[in-house]
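In what follows, a structure is listed as structure tokens, so that the remarks can point back to it.
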Number of protein chains: 2
Amino acid sequence: MEQLKELKHLIGQISDLGGAMGLLSWDQETYMPPKGAEARAQQMATLARISHELMTGEKMGGLLEDLKGFEEQQAADSMDAAMIRVARRDHEKRTRIPVDFVEKASLARNRAHHAWIKARQESNFALFQDNLQEMMDLAREGAELVGYEDHPYNAVLDDYEEDAKVSEIKTVFASLRDQTLPLLRAVLDAGDATDYSILNRPLAAEKQKDFALKVARDLGLSPEFSRLDTTTHPFQTNFSIDDIRITTRYDETYWPTALYGVWHETGHGLYEHGVNPELERTNLARGTSLGIHESQSRMVENMICRSRAFWQHYGADFSAAAPEVAADLSAEELYRAVNRVQQSLIRVEADELTYNFHIMLRFELELELFEGTLAIKDLPEAWNQKMQDYLGITPPNDALGVLQDIHWSSGLIGYFPTYSLGNLYACQLWNAAAQDLGDMDALIAQGEAHKIIGWMRENVHQYGKMYSPRELIQKATGAPLNADHYVKYLNAKYRDVYGI
Amino acid sequence: MEQLKELKHLIGQISDLGGAMGLLSWDQETYMPPKGAEARAQQMATLARISHELMTGEKMGGLLEDLKGFEEQQAADSMDAAMIRVARRDHEKRTRIPVDFVEKASLARNRAHHAWIKARQESNFALFQDNLQEMMDLAREGAELVGYEDHPYNAVLDDYEEDAKVSEIKTVFASLRDQTLPLLRAVLDAGDATDYSILNRPLAAEKQKDFALKVARDLGLSPEFSRLDTTTHPFQTNFSIDDIRITTRYDETYWPTALYGVWHETGHGLYEHGVNPELERTNLARGTSLGIHESQSRMVENMICRSRAFWQHYGADFSAAAPEVAADLSAEELYRAVNRVQQSLIRVEADELTYNFHIMLRFELELELFEGTLAIKDLPEAWNQKMQDYLGITPPNDALGVLQDIHWSSGLIGYFPTYSLGNLYACQLWNAAAQDLGDMDALIAQGEAHKIIGWMRENVHQYGKMYSPRELIQKATGAPLNADHYVKYLNAKYRDVYGI
């Protein structure tokens, strides 16, 4: 088993390089002085290159070849076998992509990113059009290099959601769309007497931070292994199971931004921290996919922290911590206010009910662009039409429409669907947890939401990347992905909130 | 010139790895959650190992061999030639040390460090004795592996102060000792009516920080390329010429700790920032030695910020920023108070006059231990005797005596002398600067101390590691190192302060 030891050593080195790259990136967003950027980019490129060489090198190839027999003899739940499988998958995917293509794509992304910034500033899609074409061409070229089954889009999906299939996503999204569009119509038609101005009551950043962290701590995010910093764009990252970093931003006249931002990232952080420590320094010590990751963040943010039971438990604490906001507010008033459904233009500000329409719109258009059935130049019109069809509003300009997201300019094709998959996974996992834990609302109302996290740890977190998202959902819930859980959840919640 | 290009690429990668290692280490001291330590140690070890492999590998060896002819054709001030020379030196030194020895030494240091912590806690030198023996044995073994001229101690010195010679240090220290011991006696015999209690007037950390940074900014440490954080043990590090990090600690009942700490680290930071940007990402983009580095930090801390002229300029600012400390104080009172000479036990708290005796004591004892003429078990007694001889006091226990410094437990043999070399270099450079700039006190009093930094930048900083400390001092001052500059400085300053 000398080869297994060598493989572990090699994977450990790649893992260490990953941790170091994570820190270089985190520091860039949090504390790096502005002029440090140029050298930082070089440092990240060098570490990425060394990591790539280790992953695609002859040594890795030889070890994986030697270990084929060993791998086949292992039980299905063997950590060693999973580690070899993931290493083989990464090795094969990355060796199929020539260095020339990687460099060409990197340069094109860099150009596209700058073009997108300018196009968005000037709200002029034409300035980004050629770059978007290039991004789509590169995505297709990459798919051909890597290979795929059935549809080339499956190759790009696989980068973010292992083994996801475009056909399945279409089916599940269609089911979601058909079942929640009538609900959205009904909600928008219902009257709404809620006082949303309470969301704009001023609250100092420090107080927002303290209360957000209090809840995060209750859920299990201890300062022993984590910290919270401030950045323009909130994110979660980690450099090991016991070194979790989350960030947020503070709007002193809209307190939900920081609170729900912190709780969202807390969900991501608890997932990464919940991985079995035996997987540390292997390629399995990470969340298994973007979709499953998003399920954990959206679950904490929405299913726990936007529930009535949550405010029943924390309403008094919030009033005490922030009397200038909540001294005169009931749990019910807080609950209603943070669950407002709105026809809004911007995805990242969307509520739980409209959010998925923002995603479906992007997925459908992206797929048509990828397949070539929609011309790039016709995208803004198609975007605006779908906004009208789904949400009943039309963006006044491209900056608030088709140019709002960074993803396409960064070459992130196949990424958007994972956001909605996250919502779907979250609800399906929640219902499975409820079978073991009983009344979930009662738990939350009693301040025992950490028990829900405990269930997720046992059934999701601990496995890291040992299982693909498909396998994990089957294992944890006893069934494949199904939109019905989420449809029922949205119906129950919003019919209640809006008294329909 | 394909080989030169390849060498630069390789050195660039090693430089990037160095920057990443610097950040891993900085983050460990500043922001890392406690439980992140274990994974962090792995990450640092992996990057160090990769860097070591690049430095000692066949590729590096081959390129250096190929470039010998090119190197010899270059002018003495050629950056390329300097880069090749430094790479050759590092390559040769490191290839002479077998991996087994590196690992053995690393494990021994780890044991020694833990033993030292325990020994210091219990103030029991016996608990550290065997580990110190091992550190000395390893230092000698390392010297034999690397090779040396004249004396094996020259090999360990060379790690911190390129090309320094034990014989020269002995000579210069003897001169320093003989000329300043009478001064110290005279100062201690002189009366002293200064009110030192003003140093203990309470001042909030935030105010200390603001004032310390104001001065640092005036000297040129801009937030565009630097930042200040808080750590238990203050330090300076940097990840590129434009990414300088300094740290300090705050004692709210002794404001000089943070102020003079920040100014000391500012000197280090300005040195690293002052390196010629053309040297970035090469092995020359660093201060040339610990001694020259210390000259820049001690110059800012002591020669600028502990001068009468400094307080003449900044006294009013300090009174305004910290009226609770300085509203009723004259520049003269501040100047006198921050220049107290004391018979003290602890090196890091020592004043300018006694500081060098702490260093000489360590150098002399370390050399005897290294040579084997002093037995380890006899060290505490020898330490206490020298403390009595030089400073007229005897430590009440080993924790406040021989066990106070971390250096020996970390295998840093040959390091201590660089502190005093820094003081000597500082004064010699200062006098050379004065020949160009005229009245240095007048500059400082007019708030133009940045011009002194400008001179240092022109004559010291910009060269990075292009010249050895010996070459640099000769080039910048027109003479080899000479203790007389410092002796005159100390005499002038302390005879004035103490009215002798």
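The values are calculated or read from the model by the stated rules, or taken from the named source; none is laboratory data. Given the structure is predicted, the values throughout are model-derived calculations rather than measurements. We place every Cβ from the backbone using ideal geometry, glycine too, and count neighbours over all the protein chains shown. What goes into the accessible areas is simple: the full protein's heavy atoms, side chains included, and nothing from ligands, DNA or RNA. Shrake-Rupley method; radii C 1.70, N 1.55, O 1.52, S 1.80 Å.
Amide hydrogen proximity for B:S226: with H placed 1.01 Å from N in the peptide plane, the residues at 5 or more positions away or on another chain lying under 5 Å are B:I244.
Residue-wise HN-Hα couplings along region A:63-76, as the Karplus relation 6.51 cos²θ - 1.76 cosθ + 1.60 with θ = phi - 60° gives them from phi, are 5, 5, 5, 4, 8, 4, x, 4, 4, 5, 7, 7, 5, 4 Hz; Gly and Pro carry x. When the alpha carbon coordinates of region B:1-95 are projected onto the principal axes, the ranges are 53, 26, 22 Å, largest first. The phi torsions of region B:340-347, fed into the Karplus equation with coefficients 6.51, -1.76 and 1.60 and a -60° offset, translate into couplings of 6, 9, 9, 7, 10, 7, 9, 3 Hz, rounded to whole numbers, with Gly and Pro shown as x. Remark on B:F239: its backbone amide H falls under 5 Å from those of B:R245, a criterion applied only to residues 5 or more positions apart or on other chains, H modelled at 1.01 Å from N. If Lys and Arg each add +1 and Asp and Glu each add -1, what is the summed charge of the other residues whose beta carbon sits under 15 Å from the beta carbon of B:A331? Its environment carries a net charge of -4. The heavy atoms of A:F211 offer some 10 square angstrom of accessible surface to a 1.4 angstrom probe. Accessible surface for B:K488 stands near 150 Å², nearest 10, in the context of the full protein assembly shown (1.4 Å probe). Remark: spin-label model distance B:V348-A:T373 equals 6.9 nm, labels positioned 7 Å along the Cα→Cβ axis.
The label-point distance for A:S167 and B:K451, in a model that sets each label 7 Å from Cα toward Cβ, rounds to 8.1 nm.
In whole angstrom, region A:210-361 maps to an equivalent ellipsoid with semi-axes of 27, 20, 13, each derived as √(5λ) from the alpha carbon gyration tensor and ordered largest first. Need one number: % antiparallel among DSSP beta bridges in the protein assembly as shown, to the nearest 5. Restricted to the protein assembly as shown, the bridges split so that about 45 percent are antiparallel. Over all Cα atoms in region B:381-500, the spread is summed up by Rg and Dmax: 18.3, 50 Å. Debye calculation, C-alpha points only, no solvent: report log10 I(q)/I(0) for region B:328-401 at q = 0.13, 0.21 Å⁻¹, in the same order as the q values. Result of the Debye calculation: -0.45, -0.90. For A:K386, the lysines whose Cα comes closer than 25 Å to its Cα, not counting residues fewer than 8 places off in the same chain, are A:K118, A:K165, A:K170, A:K377, A:K488. Quick one: go through region B:278-320 and flag any residue whose amide nitrogen is under 17 Å from the point 7 Å out along the Cα-to-Cβ line of B:K488. Of the residues in region B:278-320, B:303 have backbone N under 17 Å from the label point off B:K488. For region A:177-280, what percent of Cα pairs sit more than 19 Å apart? So the portion of pairs separated by more than 19 Å is 54 percent.
Peptide B:44-50 has a mean of 4 when you count, residue by residue, the C-beta atoms of other protein chains within 10 Å of its C-beta.
If you take all other residues with their beta carbon under 13 Å from the beta carbon of A:A433, and give Lys and Arg +1 and Asp and Glu -1, the sum is -3. Our analysis of the protein assembly as shown gives Rg over Rh at 1.01, with the two radii drawn from alpha carbon positions and Rh computed by the Kirkwood formula. Multiplying each eigenvalue of the alpha-carbon gyration tensor of chain A by 5 and taking the square root yields semi-axes of 36, 28, 23 Å, largest first, rounded to whole angstroms.
From the alpha carbon centroid of region A:97-147 to that of region B:94-130 is 53 Å. Taking θ as phi - 60° and the Karplus parameters 6.51, -1.76 and 1.60, the scalar couplings of region A:250-261 work out to 10, 10, 6, 10, 7, 5, x, 3, 6, 4, 6, x Hz in sequence order, x denoting glycine and proline. Summing Lys and Arg as +1 and Asp and Glu as -1 over all other residues whose Cβ lies under 14 Å from the Cβ of B:P202 gives a net charge of -2. With a 10 Å cut-off around each Cβ of A:27-35, the average count of Cβ atoms from other chains is 6. In the full protein context, region A:149-202 carries 47 Å² of accessible surface per residue, based on a 1.4 Å probe and ignoring ligands, DNA and RNA. The tail of the calculated P(r) for region B:89-246 beyond 22 Å holds 71 percent of all Cα-Cα pairs. Helical content alone sets the calculated 222 nm signal of chain A at -20500 deg cm²/dmol, taking -39,500 (n - 2.57) per DSSP H segment of four or more residues and averaging over every residue. With bins 10 Å wide beginning at 0, the percent of Cα pairs of region B:189-243 falling in each bin runs 16, 37, 26, 16, 5. Cα centroid distance between region B:43-84 and region A:23-37, in Å? Each part reduced to its Cα centre gives a spacing of 29 Å.
Each of B:V102 and A:D441 was given a label point 7 Å from its Cα along the Cα-to-Cβ line. The distance between the two points is 6.3 nm.
Can you give the longest run of chain A that contains no GluC sites (Glu not before Pro) sitting in a DSSP loop with at most 12 other Cβ atoms inside 10 Å? Answer - A:225-500.
Inter-copy label distances at B:A108, shortest first and taken from points set 7 Å along Cα to Cβ: 5.6 nm. Surface calculation, 1.4 Å probe, protein heavy atoms: B:K8 sits at approximately 90 Å² accessible. Spatial offset of region A:184-224 relative to region B:441-466 amounts to 53 Å, using the alpha carbon center of each. Based on Cα contacts under 8 Å between residues 6+ apart, chain B shows a relative contact order of 20 percent. Taking the C-alpha atoms only, the angle from helix A:166-189 to the longest principal axis of chain A is near 10 degrees. Take A:E65, move 7 Å from Cα toward the beta carbon, and the resulting point lies 2.9 nm from the same point in each other copy, nearest first. Contact with the other protein chains removes 30 Å² or more of accessible area, compared with the isolated chain and a 1.4 Å probe, from these residues of region A:219-258: A:E224, A:R227, A:D242, A:D243, A:R245. For chain A, the share of DSSP beta bridges that are antiparallel, to the nearest 5, is 45%.
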